[in-house]
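Participant: Encoded as C-alpha coordinates, here's the structure I'll be asking about.
The values are calculated or read from the model by the stated rules, or taken from the named source; none is laboratory data. Quick caveat, the model's predicted, so the values are computed rather than measured. Note: ideal-geometry Cβ built from the backbone for every residue, glycine included; neighbour counts use all protein chains shown. To get the accessible areas, we keep the full protein, side chains included, count just its heavy atoms, and leave off ligands, DNA and RNA. Shrake-Rupley method; radii C 1.70, N 1.55, O 1.52, S 1.80 Å.
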Amino acid sequence: MAVLHNLDPFDAVRIFYGGKTDGFSEEDFEANIKTRDIILPAILRRFLREYGYMTVNRQSDAPRFIHPNIMTKRVFRYGEDKEMPLLIIGRVGEFEITIVDEQKIDDPAVFLMKTTPTGTQLMPSDDTLSELIKVMFCMLVLKSGGAVIADEPELAVRLLRENGFDPELIENNEELHREYSIGFAEELRTFMVAEFSEGELARFFFLRNESFVNSNDEQQ
(Lines give C-alpha, C1' and ligand atoms only; values in the text may rest on other atoms or scores of the structure.)
Protein backbone atom coordinates (compact mmCIF):
# COMPACT_ATOMS: atom_id res chain seq x y z
CA MET A 1 0.00 0.00 0.00
CA ALA A 2 1.19 3.49 -0.81
CA VAL A 3 2.26 6.28 1.48
CA LEU A 4 0.92 9.50 -0.02
CA HIS A 5 2.67 12.84 0.45
CA ASN A 6 1.53 16.43 -0.28
CA LEU A 7 -2.13 15.56 -0.80
CA ASP A 8 -4.54 17.89 -2.54
CA PRO A 9 -7.06 19.06 0.12
CA PHE A 10 -9.99 17.53 -1.77
CA ASP A 11 -8.25 14.16 -1.82
CA ALA A 12 -7.53 14.46 1.89
CA VAL A 13 -11.16 15.29 2.75
CA ARG A 14 -12.42 12.45 0.52
CA ILE A 15 -10.18 9.94 2.33
CA PHE A 16 -11.15 11.34 5.73
CA TYR A 17 -14.86 10.81 5.09
CA GLY A 18 -14.47 7.56 3.16
CA GLY A 19 -16.02 9.11 0.06
CA LYS A 20 -19.15 10.34 1.86
CA THR A 21 -20.51 13.74 0.80
CA ASP A 22 -23.28 16.01 2.11
CA GLY A 23 -23.47 19.46 0.61
CA PHE A 24 -25.60 22.17 -0.93
CA SER A 25 -27.70 21.36 -3.96
CA GLU A 26 -27.00 22.41 -7.54
CA GLU A 27 -30.40 24.10 -7.52
CA ASP A 28 -29.20 26.46 -4.76
CA PHE A 29 -26.19 27.55 -6.81
CA GLU A 30 -28.20 27.99 -10.00
CA ALA A 31 -30.98 29.92 -8.27
CA ASN A 32 -28.47 32.37 -6.79
CA ILE A 33 -26.84 32.89 -10.17
CA LYS A 34 -30.19 33.71 -11.77
CA THR A 35 -31.79 35.81 -9.04
CA ARG A 36 -28.83 37.45 -7.25
CA ASP A 37 -25.89 37.16 -9.68
CA ILE A 38 -23.93 35.20 -7.04
CA ILE A 39 -21.34 33.36 -9.13
CA LEU A 40 -18.89 31.23 -7.16
CA PRO A 41 -15.39 30.15 -8.19
CA ALA A 42 -15.21 26.51 -9.29
CA ILE A 43 -13.26 25.35 -6.23
CA LEU A 44 -15.70 26.92 -3.76
CA ARG A 45 -18.74 25.59 -5.59
CA ARG A 46 -17.27 22.08 -5.64
CA PHE A 47 -16.40 22.17 -1.93
CA LEU A 48 -19.85 23.40 -0.90
CA ARG A 49 -21.59 20.93 -3.21
CA GLU A 50 -19.68 18.03 -1.64
CA TYR A 51 -19.05 19.10 1.98
CA GLY A 52 -21.17 22.16 2.83
CA TYR A 53 -23.07 20.41 5.64
CA MET A 54 -20.18 18.31 6.95
CA THR A 55 -17.94 18.80 9.96
CA VAL A 56 -15.05 20.20 7.92
CA ASN A 57 -17.26 23.22 7.14
CA ARG A 58 -18.98 23.44 10.53
CA GLN A 59 -16.19 24.04 13.03
CA SER A 60 -17.23 26.92 15.26
CA ASP A 61 -13.76 28.42 15.78
CA ALA A 62 -12.34 27.61 12.34
CA PRO A 63 -12.89 29.11 8.89
CA ARG A 64 -16.23 28.08 7.43
CA PHE A 65 -18.16 28.94 4.28
CA ILE A 66 -21.80 30.02 4.35
CA HIS A 67 -24.73 28.96 2.18
CA PRO A 68 -24.98 30.87 -1.13
CA ASN A 69 -28.43 32.07 -0.07
CA ILE A 70 -26.80 34.29 2.57
CA MET A 71 -23.68 35.30 0.67
CA THR A 72 -23.74 39.01 -0.08
CA LYS A 73 -22.00 41.47 -2.35
CA ARG A 74 -20.29 44.52 -0.94
CA VAL A 75 -18.19 47.34 -2.33
CA PHE A 76 -15.10 48.22 -0.31
CA ARG A 77 -14.06 51.83 -0.83
CA TYR A 78 -10.54 53.02 -0.15
CA GLY A 79 -8.37 55.97 -1.00
CA GLU A 80 -10.15 58.93 -2.48
CA ASP A 81 -12.06 57.21 -5.26
CA LYS A 82 -11.07 53.54 -5.41
CA GLU A 83 -13.49 50.63 -5.09
CA MET A 84 -13.18 46.86 -4.78
CA PRO A 85 -16.27 44.68 -5.42
CA LEU A 86 -16.37 41.87 -2.86
CA LEU A 87 -18.39 38.72 -2.25
CA ILE A 88 -18.75 37.64 1.39
CA ILE A 89 -18.46 33.84 1.41
CA GLY A 90 -17.82 32.85 5.02
CA ARG A 91 -16.68 33.66 8.52
CA VAL A 92 -13.79 32.99 10.88
CA GLY A 93 -14.08 34.36 14.38
CA GLU A 94 -15.01 38.04 14.19
CA PHE A 95 -13.96 38.33 10.54
CA GLU A 96 -15.93 37.81 7.34
CA ILE A 97 -14.19 35.84 4.60
CA THR A 98 -14.37 37.58 1.22
CA ILE A 99 -13.08 37.30 -2.33
CA VAL A 100 -13.04 39.83 -5.14
CA ASP A 101 -16.37 39.43 -6.92
CA GLU A 102 -16.63 38.04 -10.47
CA GLN A 103 -12.92 37.56 -11.03
CA LYS A 104 -13.57 34.44 -13.12
CA ILE A 105 -10.65 32.73 -11.35
CA ASP A 106 -11.05 29.16 -10.07
CA ASP A 107 -8.83 29.65 -7.01
CA PRO A 108 -8.84 33.34 -6.01
CA ALA A 109 -7.08 34.96 -3.07
CA VAL A 110 -9.01 35.30 0.19
CA PHE A 111 -9.44 38.52 2.18
CA LEU A 112 -10.57 39.01 5.78
CA MET A 113 -12.95 41.86 6.54
CA LYS A 114 -13.95 43.32 9.89
CA THR A 115 -16.47 46.10 10.43
CA THR A 116 -16.26 48.21 13.59
CA PRO A 117 -17.94 51.45 14.68
CA THR A 118 -14.91 53.32 13.35
CA GLY A 119 -14.91 51.74 9.90
CA THR A 120 -14.20 48.64 7.84
CA GLN A 121 -10.85 46.88 7.69
CA LEU A 122 -9.92 44.67 4.75
CA MET A 123 -6.83 42.51 5.13
CA PRO A 124 -5.23 40.14 2.63
CA SER A 125 -4.50 36.63 3.87
CA ASP A 126 -1.81 34.21 2.78
CA ASP A 127 -4.49 31.87 1.45
CA THR A 128 -6.26 31.15 -1.77
CA LEU A 129 -9.51 29.19 -1.56
CA SER A 130 -7.74 25.84 -1.97
CA GLU A 131 -5.20 26.75 0.71
CA LEU A 132 -8.01 27.81 3.06
CA ILE A 133 -9.73 24.45 2.53
CA LYS A 134 -6.42 22.80 3.46
CA VAL A 135 -6.38 24.85 6.68
CA MET A 136 -9.95 23.75 7.45
CA PHE A 137 -9.04 20.11 6.92
CA CYS A 138 -5.93 20.34 9.09
CA MET A 139 -7.89 21.95 11.93
CA LEU A 140 -10.39 19.10 11.66
CA VAL A 141 -7.57 16.57 12.00
CA LEU A 142 -6.11 18.43 14.96
CA LYS A 143 -9.46 18.45 16.79
CA SER A 144 -10.32 14.81 16.11
CA GLY A 145 -10.23 12.26 18.90
CA GLY A 146 -6.94 10.41 18.95
CA ALA A 147 -4.92 13.15 17.26
CA VAL A 148 -1.30 13.28 18.38
CA ILE A 149 0.65 16.55 18.26
CA ALA A 150 4.35 15.88 17.73
CA ASP A 151 6.27 19.08 18.43
CA GLU A 152 9.29 17.32 19.89
CA PRO A 153 11.86 16.00 17.36
CA GLU A 154 12.17 12.56 18.92
CA LEU A 155 8.44 11.89 18.85
CA ALA A 156 8.06 13.31 15.34
CA VAL A 157 10.87 11.16 13.93
CA ARG A 158 9.49 8.02 15.59
CA LEU A 159 5.94 8.54 14.27
CA LEU A 160 7.17 9.42 10.78
CA ARG A 161 9.19 6.20 10.66
CA GLU A 162 6.44 4.04 12.17
CA ASN A 163 3.97 5.21 9.51
CA GLY A 164 6.37 5.18 6.56
CA PHE A 165 6.50 8.91 5.81
CA ASP A 166 9.61 10.34 4.19
CA PRO A 167 10.54 13.83 5.52
CA GLU A 168 12.42 14.59 2.30
CA LEU A 169 9.19 14.27 0.29
CA ILE A 170 7.25 16.78 2.41
CA GLU A 171 6.89 20.04 0.48
CA ASN A 172 5.96 23.55 1.62
CA ASN A 173 5.67 27.02 0.16
CA GLU A 174 8.25 29.13 1.99
CA GLU A 175 6.54 32.35 0.89
CA LEU A 176 3.48 31.65 3.03
CA HIS A 177 3.28 32.75 6.64
CA ARG A 178 1.55 29.46 7.49
CA GLU A 179 1.54 26.28 5.43
CA TYR A 180 0.43 22.68 5.85
CA SER A 181 1.48 19.55 4.01
CA ILE A 182 -0.85 16.54 4.26
CA GLY A 183 0.15 12.89 3.96
CA PHE A 184 -1.69 9.59 4.30
CA ALA A 185 -0.35 6.08 4.95
CA GLU A 186 -2.89 3.82 3.24
CA GLU A 187 -2.01 0.53 4.94
CA LEU A 188 -1.83 1.97 8.46
CA ARG A 189 -4.73 4.39 7.80
CA THR A 190 -2.79 7.29 9.29
CA PHE A 191 -2.94 10.96 8.39
CA MET A 192 0.16 13.10 8.82
CA VAL A 193 0.08 16.89 8.76
CA ALA A 194 3.29 18.91 8.74
CA GLU A 195 2.76 22.50 9.90
CA PHE A 196 5.17 25.21 8.78
CA SER A 197 5.42 28.73 10.21
CA GLU A 198 7.41 31.44 8.44
CA GLY A 199 8.93 28.76 6.21
CA GLU A 200 10.18 26.67 9.15
CA LEU A 201 8.80 23.30 10.27
CA ALA A 202 6.85 23.87 13.50
CA ARG A 203 5.17 20.53 14.35
CA PHE A 204 3.41 17.43 13.07
CA PHE A 205 -0.09 16.02 13.65
CA PHE A 206 -0.84 12.31 13.35
CA LEU A 207 -4.27 10.67 13.27
CA ARG A 208 -5.33 7.06 12.72
CA ASN A 209 -8.35 6.44 10.50
CA GLU A 210 -10.04 3.97 12.84
CA SER A 211 -10.18 6.54 15.65
CA PHE A 212 -12.17 9.22 13.83
CA VAL A 213 -14.12 8.20 10.69
CA ASN A 214 -17.07 6.55 12.46
CA SER A 215 -17.41 9.24 15.12
CA ASN A 216 -17.39 12.02 12.53
CA ASP A 217 -19.95 10.27 10.33
CA GLU A 218 -22.26 9.97 13.34
CA GLN A 219 -22.12 13.75 13.85
CA GLN A 220 -23.46 14.54 10.38
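Participant: Work out from phi, with θ = phi - 60° and the Karplus expression 6.51 cos²θ - 1.76 cosθ + 1.60, the ³J(HN,Hα) of each residue of the range 115-125, listed in order in whole Hz, and give x for Gly and Pro.
Facilitator: 10, 10, x, 9, x, 10, 9, 10, 10, x, 10
Participant: I need the GluC sites (Glu not before Pro) found in the range 63-107, filtered to DSSP loop residues with at most 10 other beta carbons within 10 Å of theirs.
Facilitator: In loop regions of the range 63-107 (DSSP not H, G, I, E or B), the sparsely surrounded GluC sites (Glu not before Pro) are Glu80, Glu94.
Participant: In the neighborhood of Leu159, defined by Cβ-to-Cβ distances under 12 Å, what is the net charge if each Lys or Arg adds +1 and each Asp or Glu adds -1?
Facilitator: The answer is 0.
Participant: Quick one: angle between helix 26-36 and the longest Cα principal axis of the chain, in degrees between 0 and 90, rounded to 10, please.
Facilitator: 30
Participant: Let me know the Rg and Dmax you get for the chain when you use only its Cα atoms, in Å.
Facilitator: Taking only Cα atoms of the chain, I get Rg and Dmax of 18.6, 60 Å.
Participant: Can you check what the net charge comes to around Ile97, using other residues whose Cβ is under 10 Å from the Cβ of Ile97 (Lys, Arg +1; Asp, Glu -1)?
Facilitator: 0
Participant: Something else: According to a simple spin-label model (label point 7 Å from Cα along Cα-to-Cβ), what is the distance in nm between Asp106 and Leu169?
Facilitator: Those two pseudo-labels are separated by 2.5 nm.
Participant: Just want the answer: with Cβ charges of +1 for Lys and Arg and -1 for Asp and Glu, which residue in Gln59, Asn32, Phe196 is farthest toward the dipole's positive end in the chain?
Facilitator: Going by the charge dipole, the pick is Asn32.
Participant: To continue, here is another question. Run the accessible area of the chain with a 1.4 Å probe and give the carbon-and-sulfur part as a rounded percent.
Facilitator: Taking all protein chains in place, the chain shows 48 percent carbon and sulfur surface.
Participant: Tally Lys/Arg at +1 and Asp/Glu at -1 over every other residue whose Cβ is under 15 Å from the Cβ of Ser25; what's the total?
Facilitator: So the environment of Ser25 carries a net charge of -2.
Participant: Between Ala2 and Ser60, what length in nm is gained on full extension when 0.36 nm per residue of separation is reduced by their alpha carbon distance?
Facilitator: Additional length available on full extension: 17.5 nm.
Participant: Note the per residue figure in Å³ for the convex hull of the C-alpha positions in the range 32-91.
Facilitator: Cα convex hull per residue, to the nearest whole number: 104 Å³.
Participant: Further question on the same structure: Given labels modelled 7 Å from the Cα in the Cβ direction, how far is it in nm from Glu187 to Asp151?
Facilitator: Going by the 7 Å Cα→Cβ label model, 3.3 nm.
Participant: With a 1.4 Å probe and all protein chains left in place, how much accessible area per residue does the range 69-182 have, in Å²?
Facilitator: Accessible surface, normalised per residue, equals 57 Å².
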